Amino acid sequence: MRVITLGTGDAFGAAGRFQSAVVVRSGNVTALVDCGPCILQALHRSRIRPEDIDVILVTHLHGDHVGGVPMLLLDYQYRSHRRRPLVVVGSGLCPSRLETLTNAMFAEVTRGRRRFPVVYRTIRPGRTIAIGGMRICAYAMKHIDREPYLGYRLEHHGKVLAVSGDTTWCDSIPAMSRGANLLLCECTDFDLRTPVHLSYTRLREHQAEIGAKRIVLTHVGADLLKNRARVRFPIARDGERFDL
């Protein structure tokens, strides 16, 4: 399993980082976890063809995580001329929200005009689906309000990746990351205690509860980067590769 952190910045693109996007390649499956607004630039910079994406896993529907979906659809319609289905996995809100977003940005690639099908698959916390032999399990994360916020555990050929999405500390983090080869964990701030994001100091307090073999920080903000000399976990870089 190869993991490429295409975008590792927060919603504000701290220090010029791209926003959330992770490519996971294993066997004959290429999955994209979240799809930030600069997805096409990030893919091209890492020399990944946009048309190679088989499935998009949506953690939640904030713009810094899904703003690139219409851009991908535009590419598929006019540049790469996609014909095979694109699978989009996420909460039950995904079809209406993403179609509305696409219609607002590029009405010419909305339903009925596409040359390729988009297949939405709803997943709920505690449920597992299989795509091309990859097992994908969703976990409930704690972010803002009551909308669904998901983390994902991806398993293939004995390798396990856990991706937290946006969250503050919650019991799902140790459950999702138990025995994982790699946990990509959001860590927006260094010591700020907000009710919607995880800070480095709080993550350190709970480190013993996390069973992942390796923890790498992502969705990093300016506060964390300002204090990076005091951070003991690796901080992912845009375009970094991890072979599990």
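Values quoted throughout were computed directly from the atomic coordinates according to the rules given, and no laboratory measurement underlies them. The structure displayed is predicted, hence computed values, not measured ones. Glycine also receives a Cβ, built like all others from the backbone with ideal geometry; neighbour counts cover every protein chain displayed.
Side notes on the structure shown:
- For Asn28 and Glu147, a Förster radius of 30 Å and the Cβ-Cβ distance give a FRET efficiency of 0.35, rounded to the nearest 0.05.
- Which labelled figure in [x] 22.8, 75; [y] 23.4, 72; [z] 16.8, 52 is Rg and Dmax of the Cα atoms in Å, once derived from the coordinates: [z]
- Helix-only [θ]222 nm of the chain, DSSP H runs n ≥ 4, -39500 (n - 2.57) each, per residue, nearest 500: -5000 deg cm²/dmol
- Estimated distance in nm for a label pair at Ala15 and Thr128, the labels positioned 7 Å out from Cα along Cα-to-Cβ: 3.7
- Cβ-based exposure ranking for Ser91, Ser177, in which fewest neighbours within 10 Å come first: Ser91, Ser177
- Residue exposure proxy: Glu209, Glu240, ordered by other Cβ atoms within 10 angstrom of their Cβ from fewest to most, comes out as Glu209, Glu240.
- Nearest 10 degrees, 0 to 90: helix 94-105 Cα axis against the chain principal axis: 70
- Cross-link reach is defined here as a Cα-Cα straight distance under 24 Å, omitting same-chain residues fewer than 8 places apart; for Lys142 the lysines meeting it are Lys213.
- Given their separation in residues at 0.36 nm each and the Cα-Cα distance between them, Arg228 and Arg135 gain 30.1 nm when the chain is fully extended.
- For Leu6, the residues 5 or more places off, or on other chains, whose built amide H falls under 5 Å of its own are Ala21, Val22, Val23, Gly239.
- Partners for Lys159 among aspartates and glutamates (Cα-Cα distance below 12 Å; same-chain residues under 8 apart left out): Asp243
- For Lys226, no lysines have a Cα closer than 19 Å to its Cα, not counting residues fewer than 8 places off in the same chain.
- Per DSSP, loop trypsin sites (Lys or Arg not before Pro) in the range 70-138 with at most 16 further Cβ within 10 Å: Arg79, Arg83, Arg111, Arg113, Arg114, Arg115, Arg127
- Between Asp191 and Asn103, full extension at 0.36 nm per residue minus the direct alpha carbon distance yields a gain of 27.7 nm.
- Label-point separation, Gln41 to Arg121 (7 Å along Cα→Cβ), nm: 3.2
- Per-residue HN-Hα couplings for the range 76-89 [Karplus 6.51, -1.76, 1.60; θ = phi - 60°; Hz; x = Gly/Pro]: 5, 6, 10, 10, 8, 6, 4, 10, 7, x, 9, 9, 10, 10
- Counting beta carbons within 10 Å around each of Leu43, Leu101 and listing the fewest first gives the order Leu101, Leu43.
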